[in-house]
Amino acid sequence: MSVIPTPTSNSAPDAVLNISAYKFVGLDDLPARRERLLARCRALALKGTILLAPEGINLFLAGAPQALDALLAALRADPLLADLRAKRSWSAAQPFRRMKVKLKREIITLNRPQIRPAAGRAPAVSPGGLKRWLDAGCDDEGRPVMMLDTRNAFEREMGGFDGCVDFGIARFSDFAPAVETQAARFAGQTVVTYCTGGIRCEKAALLMRGAG
């Protein structure tokens, strides 16, 4: 169950809704998709960025709640995006200057084309399960647990797990080389990756699984 925050009585009357969403799914006809999305977003007076790639969609948008609901409905009308889930937050002002729809090679750049989340995800652990592991110092099979931070530098400044591994990367494209040069340190441990919105972990966990 998800809880969608709504403006409180203390919110500014012109509060702007912000959404972020992504999905790894094979998409084709990207130039036509770009033109349709850009026209619809402009008609709805939305601002932000949508990334389209053969591996899926990633978006950050802001505008009137009714306009964003209309866009999400249009996106979900496509069977490939029917289960697209959006995270919502509010701001007092529009955080974006313009509306952009970009065609990219990846919706989050790892530079490892063999990593394809649309083909299957790595195992996940629930919040309760993770707490149990951290309290015990090991997973349910007795393997030591290592937390691996996949975030960029400015995100890490907000805090993290005690004792986590931090590669100190400036961008996510630096993550794979860091893993590949330090693979030996993860041997015999259960590695749990974490990030801000989930999208990096989709690829990071698959990369870690492939590295053994």
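Bear in mind that the values in this text are calculations on the coordinates, not laboratory data. Quantities reported herein were computed from a predicted structural model and do not represent experimental measurements. Heads up, the Cβs are rebuilt from the backbone with ideal geometry, glycines too, and the neighbour counts pull from every protein chain shown.
Among ILE199, ILE169, which comes first, second and so on when ranked by fewest other beta-carbon atoms within 10 Å?
Starting with the residue having the fewest Cβ neighbours, the order is ILE169, ILE199.
Which longest uninterrupted range of the chain lacks any GluC sites (Glu not before Pro) assigned by DSSP to a loop state (not H, G, I, E or B) and surrounded by at most 16 other Cβ atoms within 10 Å?
1-140
What Kirkwood radius, in Å to one decimal, follows from the Cα pairs of the stretch 117-210?
13.8
Checking understanding here: applying a Kyte-Doolittle mean of at least -0.5 and a length along the axis of at least 15 Å (C-alpha), which whole DSSP H helices in the chain pass?
Passing helices, by number: 65-76, 199-210.
Filter the cross-link list LYS23/LYS102; LYS102/LYS203; LYS23/LYS104; LYS47/LYS203; LYS100/LYS203 down to pairs whose alpha-carbon distance in this structure exceeds 18 Å.
LYS102/LYS203; LYS47/LYS203; LYS100/LYS203
Could you list MET147, MET208 so that the one with the fewest beta carbons within 10 Å of its beta carbon is first and the one with the most is last?
Listing MET147, MET208 from fewest to most nearby Cβ atoms yields MET147, MET208.
So what are the radius of gyration and Dmax for the Cα set of the stretch 47-142, in Å?
Cα-based Rg and Dmax for the stretch 47-142 come out at 18.0, 51 Å.
Beyond 24 Å, what percent of the Cα pairs of the chain remain?
50
Do any trypsin sites (Lys or Arg not before Pro) in the stretch 130-212 lie in a DSSP loop with no more than 11 other beta carbon atoms within 10 Å, and if so, which?
For trypsin sites (Lys or Arg not before Pro) across the stretch 130-212 that sit outside H, G, I, E and B with at most 11 neighbouring Cβ atoms in 10 Å, the list reads ARG171.
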